[in-house]
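*Asks:* My questions all concern the structure below.
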Amino acid sequence: MYLKAALFLGIGVLASAGVLAEAFSFSRLILLALAVWAFCRLYYFAFYVIENYIDADFRFAGLGSMLLYLWRKARCSGE
């Protein structure tokens, strides 16, 4: 699992460096950092907040199952 985490870190660093190497600017750096932060918070929401605070009985298998859960919940509450 540590190797997997290290590989994800390496991919993220290389991809970020590639984006910034094309045309570096502080605004691009800030926007990239904000995008990474926002997606990390979304992942946290999808797999921790929903399971621990919203619906403790539902277990998600991935982001697809989270989206399906939210879509079904929105449909049921709209009826």
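The values are calculated or read from the model by the stated rules, or taken from the named source; none is laboratory data. Note that the structure is predicted; figures quoted are calculated from it, not measured. When we count neighbours, we look across all protein chains shown, and the Cβ atoms used for this are built from the backbone with ideal geometry, even at glycine.
*Asks:* Name the residues in segment 40-73 that are basic (Lys, Arg) and assigned to a helix (DSSP H, G or I), would you? Before you say what the answer is, go through the steps one by one.
*Replies:* Narrowing segment 40-73 to residues basic (Lys, Arg): 41, 59, 72-73.
Answer for segment 40-73, where residues must be basic (Lys, Arg) and assigned to a helix (DSSP H, G or I): 41, 72, 73.
*Asks:* So which residues in segment 1-13 are part of a helix (DSSP H, G or I) and loosely packed, with under 10 Cβ neighbours inside 10 Å? It would help to see each step written out before you state the result.
*Replies:* Within segment 1-13, the subset part of a helix (DSSP H, G or I) is 2-13.
Once the filter is applied, which keeps residues that are part of a helix (DSSP H, G or I) and loosely packed, with under 10 Cβ neighbours inside 10 Å, segment 1-13 yields 2, 3, 4, 5.
*Asks:* Take the conditions touching a Leu at 6+ places or on another chain (Cβ under 7 Å) and either of a type outside the set (Phe, Trp, Tyr) or modelled with pLDDT of 95 or more (or both) and apply them to residue 29. Does it pass? Full working, then the answer.
*Replies:* Values: touching a Leu at 6+ places or on another chain (Cβ under 7 Å): yes; either of a type outside the set (Phe, Trp, Tyr) or modelled with pLDDT of 95 or more (or both): yes.
Criteria met by residue 29.
*Asks:* How many residues does segment 3-44 hold that are closer than 30 Å to residue 70 by Cα and among the hydroxyl-bearing types (Ser, Thr, Tyr)?
*Replies:* Total satisfying the criteria: 2.
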